[in-house]
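Asks: Encoded as structure tokens, here's the structure I'll be asking about.
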Amino acid sequence: MDPAPAAGLVAGSHQRNELHVMHGHEEPKETNRNSNVKICRVCGDEIGAKGDGELFVACHECGFPVCRPCYEYERSDGSQSCPQCNTRYKRHKGCPRVEGDEDEGAEMDDFEDEFQIKSPRKIHSHHRFDLNSENGEQVVQQRRHNGSALSSFAGSVAGKDLEAEREMEGGMEWKDRIEKWKTRQEKKGMVNRDDGENDEENNDEDYMLMAEARQPLWRKVPISSSKINPYRIVIVLRLLILIFFFRFRLTTPANDAYALWLISVICEIWFALSWILDQFPKWFPINRQTYLDRLALRFDRDGEPSRLLPVDFFVSSVDPLKEPPIITANTVLSILSVDYPIDKVSCYVSDDGASMLLFDTLSETAEFARRWVPFCKKYNVEPRAPEFYFSQKIDYLKDKVQPTFVKERRAMKREYEEFKVRINALVAKAQKKPEEGWVMQDGTPWPGNNTRDHPGMIQVYLGSQGALDVEGNELPRLVYVSREKRPGYQHHKKAGAMNALVRVSAVLTNAPFLLNLDCDHYVNNSKAVREAMCFLMDPQLGKKLCYVQFPQRFDGIDRHDRYANRNVVFFDINMRGLDGIQGPVYVGTGCVFNRQALYGYDPPKSEKRPKMTCDCWPSWCCCSGRSRKAGAKKGGGLGLLGFRKGKKKGEGAMGVSKKGYRKRGFELEEIEEGLEGYEELEKSSLMSQKSFEKRFGQSPVFIASTLVEDGGGLPQGTNTAALVKEAIHVISCGYEEKTEWGKEIGWIYGSVTEDILTGFKMHCRGWKSVYCVPERPAFKGSAPINLSDRLHQVLRWALGSVEIFLSRHCPLWYGYGGNLKWLERLAYTNTIVYPFTSIPLLAYCTIPAVCLLTGKFIIPTLNNFASIWFIALFLSIIATGILELRWSGVSIQDWWRNEQFWVIGGVSAHLFAVFQGLLKVLAGVDTNFTVTSKAAEDSEFGDLYLFKWTTLLIPPTTLIILNMVGVVAGVSDAINNGYGSWGPLFGKLFFAFWVIVHLYPFLKGLMGRQNRTPTIVILWSILLASIFSLVWVRIDPFLPKQHGPILKPCGVEC
């Protein structure tokens, strides 16, 4: 792991040329070792210096700390290789020669440290580890990270006395390491033992392991044909029935209620189109299965350096008073303790509110992580978020065999409770801000006292120079980031914060993959990253993947899931259907990105095999096998570094091919010096440099990071102090001006649902995505379970969809001629069109009450033939739902809750989102529906009964009352008019009860546990319902109309 850039909080502004380092919160509170003293990992003694005063480095490949006596002993009596990377030791100046030094040549007579060979070492073919991809091709897996070459053992110890090697170190650990080394050597055919039958058995086992490692890392698990084929047949039949149904509806209008008939037909046509948009992207659902054991055999073998690629985690937070700091701390702790190589994990926390509360919380979290991380990895506990681990109601002793587990678990639980108390104290202190502003521990004013006008801030808590854990091991890097904010600049909310994290992480660690989580989503499965690597590190599929999306799962939801918070139908049906086309949509959290896809590059295109044509015809003949498009391709090829030439304006500027960055070779110094040394391409190179600056911004360090090979990492010899200054520069508020950030690069701006836009742009470029559903949920979060908060959340999502619909990125007209598949386009169209369904849905839910109050109906008298289409349509709807549940495994309760909330959200949140979006985009009026909270009850799922007044509650409440009044009026009218009026009444009652049943969860939430409802809701609802009732009384009263003259009593007794 690279050294941490700084020990204290670094704050600054690039525009004001300011950079301050504050040491008020220096994190290494306790260190078990002096970071300036290197300790030999073999004998434990201090590593001395050479004659020129520099630190002695035995291996220049990995820098594994070994003292000079151990180095000479290893060369004379040992394996002559580095214990970590298995690279053969070079002879240092003054060291005695050993057997094998003659092979290095005369130029290596006295090896000097200052002459480091930067060219890659030659690795013989029998040392490579060939892996078969899915299509049978053999791929050599050799990757670099941070300039450290990871290679196989290249030394030879033929003729050595293995018994002497066993006695080199008396401990059992050394013997085990030697045995593992001999096993690897035998596997490579470099050392042979004459062990008879045992030798054959070992070889068979090794061959089986190698064969297992060559197997694919994942496979598709198609849905059984006995389940999916009847489902597809019913969909086609339902489509045919709809055609005949609409033919009947259009040819038989209701003349006595023509307006109601016309409105109902328009609504039904819209519902049919919405069903098509939602249904056909589910035509090819698939499942996927990963093989973590094969991933470990291929990239993470015991006793060898891990070749898994690094991952940068992003956690976003805005206001710690609304997003509890203890939840954010649990998310960070679950990330730091994931089952992944420590030096390949970095966690970046974005504080978009510049809160000192979150800053102090991360300081406490970093200290607690020193004990929590080794505890999790020692006992392999799940989940690794302490709040949820200690609160789960299961047998925590299951599968635990260590006798010390119970004692250490009790101690850890006590320490976590003390940690919670400290966090609670910080929250209580942050409730009231001092008049002079917040002050850090060293007396320095907090730079973020003004949340709208503050410099950028970066603090690295953990890493190589940070605090080690209680066992003396390194911890993953933890970085606090708060981007600069100034008045007059557009900061683009969450999307802007995520793009700032992309740039900061590229400067400090530059991992090839990024995993973003909301602050309330913790890692529930410690192997989730490995699950994603099964796809992203696949030799064939990985190059074409832009991201791996995991489903969202939630804690703290009541058993009945009254408001469909789990969203099971979307995550277990729709997303699996999209996975069979071009990939699932990005849902904003729980997603592992390919960094190059976020940079706006195109995926690599597979070369098509040439057609089998004859070349015997002349070139001018139409039968010639030469392509007519060859000349066109010459004019529209790739420029330097892969920028496309000759692109149309409407297709988005600066489309970039991945072919360009596969051969990147520019270093940071070359970019800073104007790409000197390339005389023949000097002019083109300078033009490309300007193109890079126009695209990525004026940061040479960041541009250089985009040109690093696929393994990611930082260039060798980077200056950590310069990296911090550059990191402050890339999060300045004016950095993105006149660049492609938010337009073609990173998270896309223009909607509050930036996740839909970001994934849509990637799919338009031709990237694919994958839906990964491990057996144990990868991530879990919290969801608003009370009615008001749930509607407000749905309102935000629907508003973002309306904004996309009214923008240039609308899937109805954007990206044609690209690589977006048609079924994928239908799915994206459905995601931005669904809020507009609220208008016909509101009208359709009002029609039953109007029919009951007026005595009219939208359908004329049915004959036997017409009744068949209604019955067939009804049965096809039921059959589609049943067969969908059959292949997906979703319960009927989850499906029914989803149907109910589709109506509840459609007539409330979606309706308001349409009008709010139209006002915002067309008229420039930004309206917000505020939510005011009332007291909640202190019990399990108490928030379920928490009621918050919001305008969104008025339309569904009015619909319920209106339909109830209509039912009463219809039944009263039938009683009054006799037996003949009951027949037409049943159809009207059926539709009215359909509305009431779908709105029943809303009614239940409205009444609360003790049937308490705010007065204003009752007043508005009664007022609107009374207006409709009075109109009905004016049109058609209960009493039958009298015909003939009006008779009055004369007062005379006859």
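The values are calculated or read from the model by the stated rules, or taken from the named source; none is laboratory data. Computed from a predicted structure; not experimentally measured. All Cβ positions, glycine included, derive from the backbone under ideal geometry; neighbour counts span all protein chains shown. What goes into the accessible areas is simple: the full protein's heavy atoms, side chains included, and nothing from ligands, DNA or RNA. Shrake-Rupley method; radii C 1.70, N 1.55, O 1.52, S 1.80 Å.
Asks: Using mean Cβ contacts within 10 Å as the protection proxy, how do 360-373, 739-752 order, highest first?
Replies: The peptides rank, most packed first, as 360-373, 739-752.
Asks: Right, another one. Taking H as built 1.01 Å from N, whose amide H comes closer than 5 Å to the amide H of R553, not counting residues under 5 places away?
Replies: The answer is F779, G781.
Asks: Quick one: accessible area per residue over the stretch 328-390, 1.4 Å probe, rounded to a whole number of Å²?
Replies: That works out to 16 Å² for each residue.
Asks: Kindly report, to the nearest 10 Å², the accessible surface of W896 as traced by a 1.4 Å probe over protein heavy atoms only.
Replies: The accessible area of W896 comes to roughly 90 Å².
Asks: For the ranges 846-852, 950-956, what's the packing order if you count other beta-carbon atoms within 10 Å of each residue, average per peptide, and put the highest first?
Replies: Put in order of decreasing packing, that is 846-852, 950-956.
Asks: Further question: HN-Hα J couplings of the stretch 958-974 from phi, Karplus 6.51/-1.76/1.60, θ = phi - 60°, integer Hz, Gly and Pro as x?
Replies: Residue by residue, the stretch 958-974 yields 4, 5, 5, 5, 5, 5, 5, 4, x, 4, 4, 5, x, 5, 4, 5, 5 Hz.
Asks: Counting only residues 5 or more places away or on other chains, whose amide H sits under 5 Å from the amide H of M537 once H atoms are built in the peptide plane?
Replies: Here the answer is none, since no amide H 5 or more places off falls under 5 Å of that of M537.
Asks: Continuing with this model, one more query. If we sort 418-424, 991-997 on the protection proxy, mean other Cβ atoms within 10 Å, highest first, what's the order?
Replies: Result, highest mean first: 991-997, 418-424.
Asks: Taking amide H positions as placed in the peptide plane 1.01 Å from N, state which residues far from V439 in sequence (5 or more) or on other chains have amide H under 5 Å from it.
Replies: Answer set, sorted by chain and number: W446.
Asks: Provide the per residue accessible area, probe 1.4 Å, for the stretch 751-859, rounded to a whole number of square angstrom.
Replies: Dividing the accessible area of the stretch 751-859 by its residue count gives 31 Å².
Asks: Quick one: Karplus J couplings for the stretch 985-998, per residue in order, coefficients 6.51, -1.76, 1.60, θ = phi - 60°, nearest Hz, x for Gly and Pro?
Replies: Using θ = phi - 60°, the values come out as 5, 5, x, 5, 5, 4, 5, 5, 5, 4, 5, 5, 5, 5 Hz.
Asks: On to the next question. Identify, among I832, I859, N898, the residue whose Cα sits farthest towards the positive end of the charge dipole of the stretch 758-914, taking +1 on the Cβ of Lys and Arg and -1 on the Cβ of Asp and Glu, with the dipole about the Cα centre.
Replies: I832
Asks: A follow-up question, please. Filter K738/K821; K544/K738; K543/K761; K220/K378; K761/K821; K344/K605 down to the pairs with a C-alpha to C-alpha distance above 24 Å, please.
Replies: With Cα atoms farther than 24 Å apart: K738/K821; K544/K738; K220/K378; K344/K605.
Asks: Once you keep just the Cα pairs under 8 angstrom separated by 6 or more residues, what percentage relative contact order results for the stretch 780-882?
Replies: Normalised by residue count, the contact order of the stretch 780-882 is 21 percent.
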